[in-house]
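Only one structure is covered here, and it is reproduced in the block below.
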Amino acid sequence: MQKRTRKSLWAFGLLALFAVGVGLYALVVYGNPDHIRESMFVTEKGELPELWYSMLWVHAVSAGLALGIGWVQWIKRLRQRAVNVHRVIGGAYAAGITLAGVTGLYLSYYADGGWIGRTGFAMLSVMWLYTLYRGLQSMIVRRDLQAHGAWMLRNYALTCAAITLRIYMPLAAVLFGLGTNESFVVIAWLAWLPNLLLAERWIRRSRNRNLMRRLQQTRSAMRR
């Protein structure tokens, strides 16, 4: 039990480190709209509409902020003892994901990787917005804390596509010599689908643990 707890803490710490690091990277590289055209990713794209640069800036800043603060919401002690802080961070996160999802849909039309890559990034944005909607609905309308946590876990798993994307891109370049136009055919899906599957596995395991705990409590009560 202690080994499992220690591993979970290390994994959570690593996730937080990557989230803050990639979030800061997005803000540093794309945070200044006047310098956004100078980044390597942008210069490789060639000629693009003026609106694209504005959309990229909004997307990078909003997604970077959401990624950098989202992991804090999974600190149980904070949720229990500082509810107002949890709500404020949650509101900022939701606003960031809304902006990032909408602009992501626009940017996906110009993504590398052909129509397969563009479809992959468009689906990521759609799932991003959908899981956010379900997460907010379950909390605001239904007051279902368990469902809220599950949907927001799915949502943050999709947000972490920003991390996995930046892991896969250099690996594809170093191991296979692929540029973004070739690698994004796969990475546009690989960056978020496994994340979502891992979140689903975690949710099911948590539900099973809660069910077993309730059964044990019921049996103990019956014995009394």
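Each 10 Å bin from zero holds the following percent of Cα-Cα pairs in segment 41-147: 14, 39, 28, 15, 5, 0. For the chain, the equivalent ellipsoid derived from the Cα gyration tensor has semi-axes of 36, 19, 16 Å, listed largest first. On the principal axes of its alpha-carbon atoms, segment 135-176 has extents of 48, 12, 10 Å, going from largest to smallest.
Inter-label distance, Thr5 to Leu198: 2.3 nm, where each label sits 7 Å from its Cα along the C-beta direction. For the pair Arg142 and Trp115 in one chain, pulling the backbone fully straight at 0.36 nm per residue adds 5.9 nm over the alpha carbon distance.
Remark on segment 113-217: ratio of C-alpha radius of gyration to 2.2 N^0.38 Å is 1.32.
Considering only Met123, Ala111, Leu51, and ranking their Cα positions along the charge dipole of segment 25-176 that arises from unit charges at the beta-carbon of Lys, Arg, Asp and Glu, the one farthest toward the positive end is Met123. Based on protein heavy atoms only, segment 1-89 ends up with 70 Å² per residue of surface accessible to a 1.4 Å probe. Over segment 3-53, the reciprocal of the mean inverse Cα-Cα separation, the Kirkwood hydrodynamic radius, stands at 13.4 Å. Relative to the current alpha-carbon distance between Leu78 and Leu27, full extension at 0.36 nm per residue lengthens the span by 15.8 nm.
The distance linking segment 150-215 with segment 39-93 is 17 Å (Cα centroid to Cα centroid, whole angstrom). Annotation note: GluC sites (Glu not before Pro) in segment 31-63 located in DSSP loop regions with a Cβ neighbour count of at most 10 within 10 Å are Glu47. Accessible surface for segment 98-187, divided over its residues, is 50 Å² per residue with a 1.4 Å probe. Between Ile140, Ile187, Ile203, the GNM of the chain built on Cα springs shorter than 10 angstrom shows Ile140 fluctuating the most. Chymotrypsin sites (Phe, Trp or Tyr not before Pro), restricted to segment 41-139: which are DSSP loop and have at most 16 other Cβ atoms within 10 Å? Passing sites in segment 41-139 are Tyr109, Tyr110.
When the solvent-accessible area of the chain is split by element, carbon and sulfur atoms take up 65 percent of it, the probe being 1.4 Å.
Among the trypsin sites (Lys or Arg not before Pro) in segment 57-153, those placed in a DSSP loop whose Cβ has at most 15 other Cβ atoms within 10 Å are Arg142, Arg143.
Take the Cα of Ser206, step 7 Å toward its Cβ, do the same at Glu50, and the gap between the two points is 4.6 nm. Using only alpha carbons, segment 1-100 has a radius of gyration to Kirkwood radius ratio (Rg to Rh) of 1.11. Where q = 0.14, 0.15, 0.27 Å⁻¹, what log10 of I(q)/I(0) comes from the Debye formula for segment 87-163, counting one point per Cα? These q points yield log10 I(q)/I(0) values of -0.46, -0.52, -1.24.
The slack in the chain from Phe41 to Val20, taken as 0.36 nm per residue of separation less the alpha-carbon distance, amounts to 5.5 nm.
The values are calculated or read from the model by the stated rules, or taken from the named source; none is laboratory data. Just so you know, these numbers come straight off a predicted model, no measurement behind them. So basically every Cβ, Gly included, is an ideal-geometry build from the backbone, and we count neighbours across all protein chains shown. Ligands, DNA and RNA are excluded from the accessible area calculation, which covers all protein heavy atoms including side chains. Shrake-Rupley method; radii C 1.70, N 1.55, O 1.52, S 1.80 Å.
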